[in-house]
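Quick notes on the structure that follows.
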Amino acid sequence: MTSHTSDVIVIGGGIMGSSTTFFLQQRGMSVVLLERDKIGQKASGSSFGNLRRQGRPISQLPLANRASAVWKTLPALLGEQIEVMLSGHLRVGYNNRPELIDEFSDYARQARG
């Protein structure tokens with residue numbers, strides 16, 4: 001049996017685990033990534049939720065904005081093109097409910113900072 005040592009062990013090879021591994025290695029750390037299946041093939045390979053900014057709690061927006069900026073630099077960081085398209089979406093309020101309009105307006109005001 002071979003013995004291995006590393007600074008960090010990351011469990012799970014989805015978006016979070018793979019990106020954590022990548023950036024830790026960029027900072028000179030020795031990292032072992034453990035994944036029981038193929039990298040990015042479970043929830044990360046089928047979910048669009050990791051990229052959205054709209055509709056997130058206000059407290060999450062600074063991190064979501066930072067992540068969006070990183071996604072835009074990935075081809076240069078990785079030296080490969082990636083298959084991702086950052087775009088927006090539309091939230092629609094129905095029933096002409098004033099409180100819903102106020103809620104959307106308040107969220108937009110807070111999101112702008």
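The values are calculated or read from the model by the stated rules, or taken from the named source; none is laboratory data. Predicted model only: the values in this text are computed from it and were never measured. Ideal geometry is used to build each Cβ from the backbone, glycine not excepted, and the neighbour counts take in all protein chains shown. Ligands, DNA and RNA are stripped out before the accessible areas are found, and what is left, the full protein with its side chains, is counted by its heavy atoms. Shrake-Rupley method; radii C 1.70, N 1.55, O 1.52, S 1.80 Å.
MET85 contributes an accessible area of around 150 Å² to the protein surface, as traced by a 1.4 Å probe with all chains present. Between LEU74 and ARG97, the C-beta separation translates, for a Förster distance of 41 Å, into a calculated FRET efficiency of about 0.50.
Computed over neighbours whose Cβ is under 11 Å from that of ALA111, the net charge equals +3, Lys and Arg +1, Asp and Glu -1.
Karplus-derived 3J(HN,Hα) values for the stretch 64-74, using 6.51 cos²θ - 1.76 cosθ + 1.60 with θ = phi - 60°, are 4, 5, 5, 5, 4, 5, 5, 4, 5, 9, 4 Hz; glycine and proline are entered as x.
Listed values for the stretch 11-24 are Karplus-derived 3J(HN,Hα) couplings in whole Hz (6.51 cos²θ - 1.76 cosθ + 1.60, θ = phi - 60°), namely 9, x, x, x, 4, 5, x, 5, 6, 4, 4, 4, 6, 5, and x replaces Gly and Pro.
Expressed per residue, the C-alpha convex hull volume of the chain stands at 152 Å³. Simple point charges give the picture: +1 on the Cβ of Lys and Arg, -1 on the Cβ of Asp and Glu, and for the stretch 50-109 a dipole about the Cα centre of about 80 debye.
Once you charge only the Cβ atoms, +1 for Lys and Arg and -1 for Asp and Glu, what is the size of the charge dipole of the chain about its Cα centre, to the nearest 20 debye?
Numbers: 13 positive and 9 negative charges, 35 e Å.
Dipole magnitude for the chain comes out near 160 debye.
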